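Student: Below is the structure I would like to discuss, written out as structure tokens.
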Amino acid sequence: MFRKKNECDKIKEMLSPYIDGELAVSDVCKVEGHVAECEACRAELDSLSETVGLLRQVGMVEPPRSFTIAGPVPARRSMPLPAYAALRAASAFATLLLAFVFIADASGAFGGADGTVLNWSDQDRGSLCSSVTEPGINESDVSSADYLSANESAEGVGIGTGSSVEKSSTWPVLQLEIGLSVAAVALAGASVFFRRRSRMAGVRVEIDDEASR
Amino acid sequence: MNKTSTLVECDTMVEEEIIRRAVQGDLDCFNQLVELYQRPVYNLCLRMLSDSGAADDAAQETFISAYRAICRFRGGSFKAWLFRIASNACYDQLRALRRRRTTPLDDLTLEMESPLPTPEDCAIRHEMGEEIKRALDALPHEQRLAVILRDIEGLDYTEIAQAIGCSLGTVKSRINRGRAGLRDILRHRRELLT
């Protein structure tokens, strides 16, 4: 019984192509053979044929006016494809750059040539310590006092206690991060805005390319 | 070869020549294509949107988009290519209509063709057209488009696949489901089918 049901389902899927003459000869024989035996599928075929017959009686309406084009077509209202693509690429680039800056900042890679960093904390102390001590000296050998004195003696470096920063870095990391964030959000917003505008204007940006494929 | 097939071949050759010139930027030739296809394109839009104003806009947008893109037409069925643009224009209009949430002022009724236009026939055809319109409107957009392209516009499955931008299997499935859906909706009006 289950097998029979599966077979009926398969035949029912072939009924519309059968009505339209779009089936292969072997499938036509299969459908005709099945329909001759199965009353349910025969009823399905008849009802579908009647529906198709009704639809094909629907008359065509004359257009209310001519759609011929009188002259040069006005410029596209939506953003041209290359500009839109450039906007998206710029948005992606700004986002990637922002991610890179965040990662670099978190890993302390913005230390200047003279060993300066913007944000210094206890966690950073180890790495900073190794950058200001002479080669060959172990981190563990450097006490906090030594560390502070070493840093105070280093030219152009000022370090406070805890996580505060006394002197600004040569890298304006914070400003860079804020600027990139604003740029990424603005570019993404502009992309979305122009995309929606082109759709509202009834002209999809990619319609011509898709249609001409 | 019979006379009819020779005439069809001649028409095809003439159309191919017109398309070739239109692709080269000849506006007059493009307008000949517009005149040739504006009736089926407008009817597709009308059946999809059930709103004569929106159908007018969609048809106009179709031909403007086609004119802009015709230099990139790479052969094949011009009708299917044009219907693809028209389908996209219809989807855009459907989105716009949904945003505006308006009901069409003109309650469009599909008129049925009949060789016997007696008053009684006219009334029956009008009623039948109304039922079919409601049933079509109740179908999902994809199924409605496939059914209209096949049963009202008369495209073959390959052309429909090109116009919709999907595989032959999907076309078969959508047409089958669309017709079955229509049949179910119309079933309560059994007298229409008998």
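Student: Within the range B:157-187, restricting attention to residues that are of a type in the set (Val, Ile, Thr) and within 11 Å of residue A:16 (Cα to Cα), which residue is nearest to the other protein chains (Cβ to nearest Cβ)?
Tutor: Checked the range B:157-187; the qualifying residue nearest to the other protein chains (Cβ to nearest Cβ) is B:175.
Student: Please work out if residue A:91 is away from chain B (no Cβ under 14 Å) and either assigned to a loop (DSSP other than H, G, I, E, B) or at pLDDT 90 or above (or both).
Tutor: no
Student: Filter the range B:151-174 for residues that are buried (at least 20 other Cβ atoms within 10 Å of the Cβ), in contact with a Phe, Trp or Tyr (Cβ under 8 Å, 6 or more places away or on another chain) and in a helix (DSSP H, G or I) and give the result.
Tutor: Matches in the range B:151-174: B:159, B:162, B:163, B:171, B:172.
Student: Follow-up. Could you tell me which numbered condition residue B:148 fails, if it satisfies all but one of (1) at pLDDT below 90; (2) buried (at least 19 other Cβ atoms within 10 Å of the Cβ)?
Tutor: All conditions are met except number (1).
Student: Could you list all residues from the range B:119-131 that are out of contact with any Leu (no Cβ under 7 Å at 6 or more places or on another chain) and either outside any helix (DSSP H, G or I) or crowded, with 19+ Cβ neighbours inside 10 Å (or both)?
Tutor: B:125
Student: Still on this structure, I have one more. Within the range B:62-69, is even one residue within 15 Å of the chain's Cα centre (by Cα), at pLDDT 90 or above and not aliphatic (A, V, I, L, M)?
Tutor: Yes, the conditions are met somewhere in the range B:62-69.
Student: Also: Can you give me the ranges of the helices (runs of 4 or more DSSP H) entirely in the range A:1-59 with at least 2 residues that are without any contact (Cβ under 8 Å) to a residue 40 or more places away in the chain and in contact with a His (Cβ under 8 Å, 6 or more places away or on another chain)?
Tutor: In the range A:1-59, the matching helices (runs of 4 or more DSSP H) lie at A:2-19.
Student: Out of the residues in the range B:132-145 that are of a type outside the set (A, V, I, L, M, F, W, C) and in contact with a helix residue (DSSP H, G or I) (Cβ under 6 Å, 6 or more places away or on another chain), which is surrounded by the fewest Cβ atoms within 10 Å (Cβ to Cβ)?
Tutor: B:142
Student: Still on this structure, I have one more. Which of the residues belonging to the range A:88-102 are touching a residue at least 60 places away in the same chain (Cβ under 8 Å) and surrounded by fewer than 18 Cβ atoms within 10 Å (Cβ to Cβ)?
Tutor: First pass over the range A:88-102, keeping only residues touching a residue at least 60 places away in the same chain (Cβ under 8 Å): A:88, A:90-91, A:94-95, A:97-98, A:101-102.
Listed by number, the residues that qualify are A:88, A:90, A:95, A:97, A:102.
Student: Also, I was wondering about something else. Residue under question is residue B:26, and the condition is that it be at pLDDT 90 or above and acidic (Asp, Glu); does it hold?
Tutor: So residue B:26 does not fit the description; no.
The values are calculated or read from the model by the stated rules, or taken from the named source; none is laboratory data. Quick caveat, the model's predicted, so the values are computed rather than measured. As a convention, Cβ positions derive from the backbone with ideal geometry for all residues, glycine included, and neighbour counts pool all protein chains shown.
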